[in-house]
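The values are calculated or read from the model by the stated rules, or taken from the named source; none is laboratory data. Owing to the predicted nature of the structure, the values given are computational and were not obtained by experimental measurement. Virtual Cβ from ideal backbone geometry, glycine too; neighbours counted across all protein chains shown. Remember, those area values only see protein heavy atoms, side chains included, never the ligands or the DNA or RNA. Shrake-Rupley method; radii C 1.70, N 1.55, O 1.52, S 1.80 Å.
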Amino acid sequence: MKKKGHKKESGELHLTDKRHPVSGIASSVIAAVSFISFAAACIISGRNGGNAGSGIGLIGISCFIISIIGFVMAWISLHQENIRPLFPAIGSLVNGILIVIYMILYILGV
(Lines give C-alpha, C1' and ligand atoms only; values in the text may rest on other atoms or scores of the structure.)
Protein backbone atom coordinates (compact mmCIF):
# COMPACT_ATOMS: atom_id res chain seq x y z
CA MET A 1 0.00 0.00 0.00
CA LYS A 2 1.43 3.36 -1.04
CA LYS A 3 1.38 6.13 1.56
CA LYS A 4 0.98 9.76 0.63
CA GLY A 5 4.07 11.95 0.93
CA HIS A 6 6.51 9.05 1.24
CA LYS A 7 8.80 7.29 -1.22
CA LYS A 8 7.66 6.65 -4.75
CA GLU A 9 7.90 3.21 -6.28
CA SER A 10 11.11 4.14 -8.05
CA GLY A 11 12.81 4.91 -4.74
CA GLU A 12 12.75 8.70 -5.05
CA LEU A 13 11.55 10.89 -2.24
CA HIS A 14 8.28 12.70 -3.01
CA LEU A 15 8.05 16.08 -1.28
CA THR A 16 4.69 17.78 -1.07
CA ASP A 17 4.19 21.46 -1.75
CA LYS A 18 1.95 21.88 1.30
CA ARG A 19 3.02 24.56 3.74
CA HIS A 20 2.06 25.90 7.13
CA PRO A 21 0.02 29.08 6.58
CA VAL A 22 1.35 32.14 8.39
CA SER A 23 -2.14 33.16 9.46
CA GLY A 24 -2.68 29.70 10.99
CA ILE A 25 0.53 29.96 13.00
CA ALA A 26 -0.44 33.49 14.05
CA SER A 27 -3.87 32.28 15.21
CA SER A 28 -2.20 29.63 17.38
CA VAL A 29 0.10 32.25 18.89
CA ILE A 30 -2.90 34.54 19.47
CA ALA A 31 -4.67 31.67 21.26
CA ALA A 32 -1.67 31.15 23.54
CA VAL A 33 -1.37 34.89 24.30
CA SER A 34 -5.09 35.14 25.03
CA PHE A 35 -5.00 32.12 27.34
CA ILE A 36 -1.91 33.29 29.23
CA SER A 37 -3.31 36.82 29.61
CA PHE A 38 -6.62 35.46 30.87
CA ALA A 39 -4.89 33.14 33.35
CA ALA A 40 -2.77 36.03 34.64
CA ALA A 41 -5.87 38.23 35.01
CA CYS A 42 -7.63 35.46 36.94
CA ILE A 43 -4.66 35.02 39.28
CA ILE A 44 -4.40 38.77 39.91
CA SER A 45 -8.14 39.04 40.51
CA GLY A 46 -8.10 36.05 42.83
CA ARG A 47 -5.27 37.49 44.92
CA ASN A 48 -7.21 40.74 45.31
CA GLY A 49 -10.40 39.00 46.35
CA GLY A 50 -12.23 39.89 43.14
CA ASN A 51 -11.54 43.62 43.53
CA ALA A 52 -8.69 43.99 41.04
CA GLY A 53 -10.19 47.01 39.28
CA SER A 54 -11.24 47.96 35.80
CA GLY A 55 -7.78 47.31 34.33
CA ILE A 56 -8.18 43.58 34.83
CA GLY A 57 -11.68 43.78 33.35
CA LEU A 58 -10.23 45.47 30.26
CA ILE A 59 -7.71 42.65 29.97
CA GLY A 60 -10.61 40.16 29.94
CA ILE A 61 -12.47 42.09 27.25
CA SER A 62 -9.33 42.45 25.15
CA CYS A 63 -8.69 38.69 25.47
CA PHE A 64 -12.21 38.08 24.16
CA ILE A 65 -11.63 40.36 21.15
CA ILE A 66 -8.20 38.86 20.48
CA SER A 67 -9.70 35.35 20.52
CA ILE A 68 -12.37 36.37 18.00
CA ILE A 69 -9.66 37.76 15.70
CA GLY A 70 -7.59 34.56 16.13
CA PHE A 71 -10.61 32.37 15.38
CA VAL A 72 -11.40 34.31 12.18
CA MET A 73 -7.75 34.10 11.08
CA ALA A 74 -7.71 30.34 11.68
CA TRP A 75 -11.02 29.85 9.85
CA ILE A 76 -9.77 31.78 6.82
CA SER A 77 -6.48 29.88 6.74
CA LEU A 78 -8.30 26.53 6.99
CA HIS A 79 -10.00 27.29 3.68
CA GLN A 80 -6.78 27.94 1.77
CA GLU A 81 -5.48 25.35 -0.65
CA ASN A 82 -2.28 23.31 -0.30
CA ILE A 83 -1.78 23.89 3.40
CA ARG A 84 -1.00 21.75 6.38
CA PRO A 85 -4.04 22.11 8.66
CA LEU A 86 -2.25 21.59 11.99
CA PHE A 87 -1.83 25.20 13.17
CA PRO A 88 -5.14 26.50 11.80
CA ALA A 89 -6.95 23.61 13.51
CA ILE A 90 -5.20 24.28 16.82
CA GLY A 91 -5.89 28.00 16.54
CA SER A 92 -9.57 27.57 15.71
CA LEU A 93 -10.12 24.96 18.42
CA VAL A 94 -8.39 26.85 21.25
CA ASN A 95 -9.75 30.27 20.25
CA GLY A 96 -13.25 28.80 19.91
CA ILE A 97 -13.09 27.25 23.36
CA LEU A 98 -11.79 30.51 24.83
CA ILE A 99 -14.60 32.48 23.17
CA VAL A 100 -17.18 30.15 24.73
CA ILE A 101 -15.53 30.48 28.16
CA TYR A 102 -15.44 34.29 27.89
CA MET A 103 -19.10 34.38 26.86
CA ILE A 104 -20.13 32.15 29.76
CA LEU A 105 -18.21 34.36 32.21
CA TYR A 106 -19.78 37.47 30.71
CA ILE A 107 -23.30 36.03 30.95
CA LEU A 108 -22.77 34.87 34.53
CA GLY A 109 -21.25 38.22 35.45
CA VAL A 110 -18.31 36.69 37.26
Subject >> Residues of the stretch 97-110 satisfying the condition of being of a type in the set (A, V, I, L, M) and open to solvent by 50 Å² or more (accessible area, probe 1.4 Å) >> reply: I97, V100, I101, M103, I104, L105, I107, L108, V110
**OP:** Hey, could you check the stretch 80-110 for residues that are closer than 18 Å to H20 by Cα and not in a helix (DSSP H, G or I) and say which is modelled with the lowest pLDDT?
**Re:** N82
Original post:
Among the residues of the stretch 44-79, which ones are modelled with pLDDT under 90 and under 12 Å from P21 (Cα atoms)?
Top reply: L78, H79
Original post:
How many residues does the stretch 69-96 contain that are surrounded by fewer than 16 Cβ atoms within 10 Å (Cβ to Cβ), more than 9 Å from the chain's Cα centre (by Cα) and closer than 20 Å to A32 by Cβ?
Top reply: 5
Original post:
Within the stretch 60-110, can you find the residues that are among the aromatic types (F, W, Y) and touching a helix residue (DSSP H, G or I) at 6+ places or on another chain (Cβ under 7 Å)?
Top reply: F64, F71, W75, F87, Y102
